[in-house]
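This report refers to the structure that appears directly beneath it.
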Amino acid sequence: MVAASSAVTSVPLPYSKAENVDPEEAFVASISSCHMLFFLSLAAKAKFVVDSYDDLAVATMTRNGKGKMAVTSVRLAPTIAFSGHRAPTDADVAQLHHTAHEECYIANSVLAEVTVGGKWTFSGGN
């Protein structure tokens, strides 16, 4: 079970719980985790060793074309550490992100623009 609550910016305390996840946070987390899982799967198929993957995903809420408040953009910014005997190139990592985004069920289901940035490192020979 996930302890959830409305955001305190939408429903003031004490009627919400700031320490609980709110729907907007859960929405962004679902996009981030879907992208990560596809990325890790694709990296493994390409024989890249991923030691860690930490994402700092940020969403923007604005009024959409209908004048309603909506999550209109999500920026994924993972920090990825690779190791092993095969180092990825910048092009490899970009292609992994591109394919992960194209395959992510959640990203394919939302209207928000999803972009990916981030950085990666490699420590070889392990």
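Observations on the structure shown:
- Test: residue in the range 105-114 that is part of a strand (DSSP E or B) and at pLDDT 95 or above: yes
- Filtering the range 100-126 to residues that are more than 14 Å from Ser32 (Cα to Cα) and touching a helix residue (DSSP H, G or I) at 6+ places or on another chain (Cβ under 8 Å) leaves only Trp120.
- Tally, over the range 100-123, of residues that are among the polar types (S, T, N, Q) and either surrounded by 16 or more Cβ atoms within 10 Å (Cβ to Cβ) or in contact with a His (Cβ under 8 Å, 6 or more places away or on another chain) (or both): 0
Rundown of residues vs (1) within 30 Å of Ala4 (Cα to Cα); (2) within 17 Å of the chain's Cα centre (by Cα); (3) surrounded by fewer than 17 Cβ atoms within 10 Å (Cβ to Cβ); (4) of a type in the set (A, V, I, L, M, F, W, C), yes/no style:
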position	(1), (2), (3), (4)
Leu40	yes, yes, yes, yes
Ser52	yes, yes, yes, no
Met61	yes, yes, yes, yes
Asn64	yes, no, yes, no
Ile80	yes, yes, no, yes
Ser83	no, no, no, no
Ala91	no, no, yes, yes
Leu96	no, yes, no, yes
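The values are calculated or read from the model by the stated rules, or taken from the named source; none is laboratory data. These figures come from a predicted structure and were not determined experimentally. All Cβ positions, glycine included, derive from the backbone under ideal geometry; neighbour counts span all protein chains shown.
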